[in-house]
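Remarks on the structure that follows.
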Amino acid sequence: RLISESLYQSSIQLQIELDERKLVEEKIRQQAARTEALASFTQVLTQANQDYQLVLETVVRRAAELLGDGASIFFYASDDEYLQLAAVYNPNPNAIEVFRSEMQARPIRITEGIYAQVLTKDESVLIASISQDELIERAAPERRDYYRKLPFHSMMLAPLHAQGKILGMLGLARHTPNHSYTPDDLVFLQDIADRSALAIFSAQLYQKLEQELAERKIAEERYRLIFENA
């Protein structure tokens with residue numbers, strides 16, 4: 001009996017060690033896959049060059065594809081009351097329409113909920129599981145119909161910071177139940193956000209420079225016409 005008990009305990013311990021090894025191996029595979037995905041993401045951003053709108057669209061599309069379900073970028077200005085929706089992507093076109101319509105009708109205040117936490121603390125936030133009934137019950141009356149149309153079951157937000165300031169945030173949301181984001185997903189999202197912020201900041205500078213050059217050409221042409229007609 002003692003030998004049988006010892007063999008049983010040994011088999012249990014061996015199974016535990018095998019399970020732990022499988023978990024470690026799976027995590028290593030996942031990290032390798034995400035490292036490769038980040039490299040690919042950076043390359044795609046580089047290919048977008050300095051096209052500002054293309055950079056924004058590339059970020060939300062790739063973030064949604066890598067983490068699912070929907071992704072959005074909001075810009076932030078400390079002197080403004082609301083966040084500005086800059087880009088949104090979802091594989092479901094109807095979800096995009098519902099989201100855009102809601103943000104246009106009732107934009108998010110910079111002091112609202114977890115959005116304020118991201119902006120004031122400059123840190124990423126994970127809400128792994130969201131009760132849809134509780135979300136609707138606790139929401140402002142004017143938002144409840146929106147949450148019925150577009151349910152949220154898990155959510156992540158990461159700040160977009162570059163050159164020592166917060167440009168805005170990158171948000172991910174799952175609209176299907178029982179498929180929650182994880183802490184590892186949040187780390188991955190922040191990696192995506194950090195790369196995205198640099199590309200966005202660079203594209204913003206390039207766009208501003210192009211606008212200044214265009215305005216200078218217009219001014220020079222105006223002065224030339226005035227001089228010729230003098």
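The values are calculated or read from the model by the stated rules, or taken from the named source; none is laboratory data. Bear in mind the structure is a predicted one, so any value in this text is a computation, not a measurement. For neighbour counting, all protein chains shown are included, and Cβ atoms are generated from backbone atoms with ideal geometry for every residue, glycine included. When the accessible area is computed, the model is the full protein with side chains, heavy atoms only, and any ligands, DNA or RNA have been set aside. Shrake-Rupley method; radii C 1.70, N 1.55, O 1.52, S 1.80 Å.
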What about A158, is it at pLDDT 95 or above, within 14 Å of V187 (Cα to Cα) and surrounded by fewer than 18 Cβ atoms within 10 Å (Cβ to Cβ)? no
From the list A193, A116, exactly one residue is open to solvent by less than 30 Å² (accessible area, probe 1.4 Å), over 16 Å from L66 (Cβ atoms) and small (G, A, S). Which is it? A116
R143 being more than 18 Å from the chain's Cα centre (by Cα), of a type in the set (D, E, K, R) and modelled with pLDDT under 90: no
Do you know which residues across the stretch 69-82 are under 15 Å from A173 (Cβ atoms) and over 10 Å from the mean Cα position of the chain (by Cα)? D69
Out of all the residues in the stretch 38-52, is one or more open to solvent by 60 Å² or more (accessible area, probe 1.4 Å), under 30 Å from A116 (Cα atoms) and not in a strand (DSSP E or B)? yes
Only one of these is in contact (Cβ under 8 Å) with a residue 24 or more places away in the chain and within 19 Å of M156 (Cβ to Cβ): V55, V60. Name it. V60
What about F188, is it part of a helix (DSSP H, G or I), open to solvent by less than 50 Å² (accessible area, probe 1.4 Å), in contact with a strand residue (DSSP E or B) (Cβ under 6 Å, 6 or more places away or on another chain) and not acidic (D, E)? no
Quick check: anything in the stretch 64-81 assigned to a strand (DSSP E or B), of a type outside the set (G, A, S) and open to solvent by 40 Å² or more (accessible area, probe 1.4 Å)? no
All-but-one check, L119 against (1) free of Cβ contacts under 8 Å to residues at least 24 places away in the same chain; (2) in a helix (DSSP H, G or I); (3) not acidic (D, E), failing number (1)
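In the stretch 168-179, which residue that is open to solvent by less than 50 Å² (accessible area, probe 1.4 Å) and out of contact with any Phe, Trp or Tyr (no Cβ under 6 Å at 6 or more places or on another chain) is farthest from V59 (Cα to Cα)?
This residue is H175.
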Are there any pairs with C-beta distances below 9 angstrom linking a residue in the stretch 8-32 that is on the phi < 0 side of the Ramachandran plot to a residue that is surrounded by 10 or more Cβ atoms within 10 Å (Cβ to Cβ) and of a type in the set (D, E), with the two at least 6 apart or on different chains, and if so which? K27/D184; Q30/D184; Q31/D184
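Inside the stretch 82-97, can you point out the residues that are assigned to a helix (DSSP H, G or I) and more than 16 Å from F152 (Cβ to Cβ)?
Step one: list which residues in the stretch 82-97 are assigned to a helix (DSSP H, G or I), which gives 93-97.
Hits for the stretch 82-97 are P93, E97.
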Among the residues in the stretch 84-99, are any open to solvent by 20 Å² or more (accessible area, probe 1.4 Å), in contact with a Pro (Cβ under 6 Å, 6 or more places away or on another chain) and farther than 27 Å from F41 by Cα? no
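If you take the residues of the stretch 14-61 that are basic (K, R) and within 16 Å of D185 (Cβ to Cβ), which of them is modelled with the lowest pLDDT? Don't jump to the end; show me each part of the working.
Going through the stretch 14-61, the residues basic (K, R) turn out to be 21-22, 27, 29, 34, 61.
Still in the running and within 16 Å of D185 (Cβ to Cβ): 27, 29, 34.
Working: K27: 80, R29: 83, R34: 85.
Per the criteria, the residue is K27.
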